[in-house]
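Report on the following structure.
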Amino acid sequence: MTSINTNRSAMTALQSLNTTNTKLEMTQQRISTGLRVGSAVDNAAYWSIATTMRSDNSALSTVKDALGLGVAMIDIAYTGMNGSIETVKGIKDKLVAARQPGVDRAKIQAEITQLQAQLRSTALSSVFSGENWLATDSSTPGYNPVRSIVSSFSRDASGITIQTIDFDIANSKLYDDADQSGILDVTDTLTNGGTAYSVATLSISTLTTSPADIADLEQMIGWVDTALENMTTSAADLGAIKKRVDSQTSFVNSLMDAITRGIGTLVDADMTEESTKLQALQVQQQLGVQSLSIANQSSQTILSLFRN
């Protein structure tokens, strides 16, 4: 039936053209954004997963920054410990030299005093971001010898987990102003002299060549040697935790890349496929416009029925 009120061909052509325009708009949006799933409207499940993964990846970026901060702290402590080891070696050398009969122990002590001051200065200056792992004060409110570095962020069915790498400075601190329990300020008493000294305070200026004083001098050398062993162990511990933090940093970088690839798999558009679709849809759009134009012109033929 031919009707001037209802042009079924035009309606069909218009509907087809609208569908093509909708697909074309969607394809152009994917090409312009590079995303196949740009909002929850496109794919609610994939969009939700990708949004959560992006949030976790952002948290991992913060973890990476925390690891970098931790590496810096460890580097400072390790550098300070190495410098202190060299200084303590110098003190040991001076004490061994003082064992030789006929030397001026008062002058040697003057050199030792300067080395002791250098030790203190090195420990106090080994600070990064307010953290000092070599010189502490355990009487400070809230003091905790265990220093934690954020190392990981993970999510599972039970919730969110933040993991840390812990290092106990109780066995590596050189000074503790509260109770003198550091490697260098812990005191011991001379067997013969009865005087209490630490590596940081020992003095040989009053020692003579008597057997008792020589025994005290050798005891001091033993203290310094023990301190060197403890400091070497602490430096090794710092080196080990630095290596662990470096490995964790490398893992976090790889994990962030893997999550980014996973997000891309879910939401990224295949640009080759979309460009092919775009060309096909543009052709369909042109054909749809022509089809609609033809359908609209068909109603004009009704006028010929009324011409003389």
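Quick note: the coordinates plus some simple rules give every number you see, no bench work behind them. Owing to the predicted nature of the structure, the values given are computational and were not obtained by experimental measurement. Backbone-built Cβ (ideal geometry, glycine too); neighbour counts: all protein chains shown.
I need the Kirkwood Rh of the chain: take the reciprocal of the average 1/r across all distinct C-alpha pairs and report it in angstrom.
For the chain, inverting the mean 1/r across all distinct Cα pairs yields 26.6 Å.
Per-residue counts of other Cβ atoms within 10 Å, averaged by peptide: what ranking do you get for 71-83, 149-161, highest first?
Packing proxy ranking, top to bottom: 71-83, 149-161.
Based on the alpha carbons, how large is the Rg to Rh ratio for the stretch 213-308 when Rh follows Kirkwood?
Ratio value, two decimals: 1.84.
In 5 Å bins starting at zero, report the fraction of Cα pairs in the stretch 49-162 per bin as a rounded %.
Once binned at 5 Å, the Cα pair distances of the stretch 49-162 give 2, 10, 14, 13, 12, 11, 9, 8, 6, 5, 4, 3, 2, 1, 1, 0, 0.
Could you work out how far the C-alpha centroid of the stretch 210-274 sits from that of the stretch 138-200, in angstrom?
17
May I ask you to derive the FRET efficiency for Gln297 and Ala45 from their Cβ-Cβ distance with R0 = 41 Å, giving the value to the nearest 0.05?
0.30
Under 19 Å between C-alpha atoms is the cut-off here; go through the chain and count lysine pairs that meet it, provided they're at least eight residues apart or on different chains.
For the chain, the number of qualifying lysine pairs is 8.
Beyond 17 Å, what share of the Cα-Cα pairs of the stretch 146-286 remains, rounded to the nearest whole percent?
Within the stretch 146-286, distances greater than 17 Å cover 76 percent of Cα pairs.
If you rank Ile214, Ile183 by fewest surrounding Cβ atoms within 10 Å, what's the result?
The most exposed by this proxy come first: Ile214, Ile183.
Under 15 Å from the Cβ of Thr140, count the other residues' Cβ atoms, weight Lys and Arg +1, Asp and Glu -1, and hand me the total.
The answer is -3.
For the stretch 1-74, how big is Rg over Rh, using alpha carbon atoms and the Kirkwood form of Rh?
Here Rg/Rh amounts to 1.46.
Set the Förster distance to 30 Å, then compute FRET efficiency between Asn192 and Thr232 from the Cβ-Cβ distance, nearest 0.05.
With a Förster radius of 30 Å, E is 0.55.
Working out 0.36 nm times the residue gap between Lys107 and Ala258, then minus their Cα-Cα distance, what length gain in nm do you get to one decimal?
Gain on extension, Lys107 to Ala258, equals 47.9 nm.
What ³J(HN,Hα) values, in whole Hz, does the Karplus curve 6.51 cos²θ - 1.76 cosθ + 1.60 give for the stretch 187-200 when θ = phi - 60°, with x put for Gly and Pro?
The phi angles translate into 9, 9, 10, 5, 4, 9, x, x, 8, 8, 10, 10, 4, 6 Hz.
Over the stretch 107-213, with a single point scatterer placed on each C-alpha, what log10 of the ratio I(q)/I(0) does the Debye formula yield at q = 0.11 1/Å?
-0.52
At 7 Å along Cα-to-Cβ for each site, give me the label-to-label distance between Gln114 and Asn18 in nm.
It is 9.4 nm.
Using helices alone, what [θ] at 222 nm do you get for the chain, with -39,500 (n - 2.57) per DSSP H run of 4 or more residues, divided over all residues and rounded to the nearest 500?
-22500 deg cm²/dmol
Report the FRET efficiency, 1/(1 + (r/R0)^6), for Ser129 and Asp179, where r is their Cβ-Cβ distance and R0 is 25 Å, rounded to 0.05.
The formula returns an efficiency of 0.50 here.
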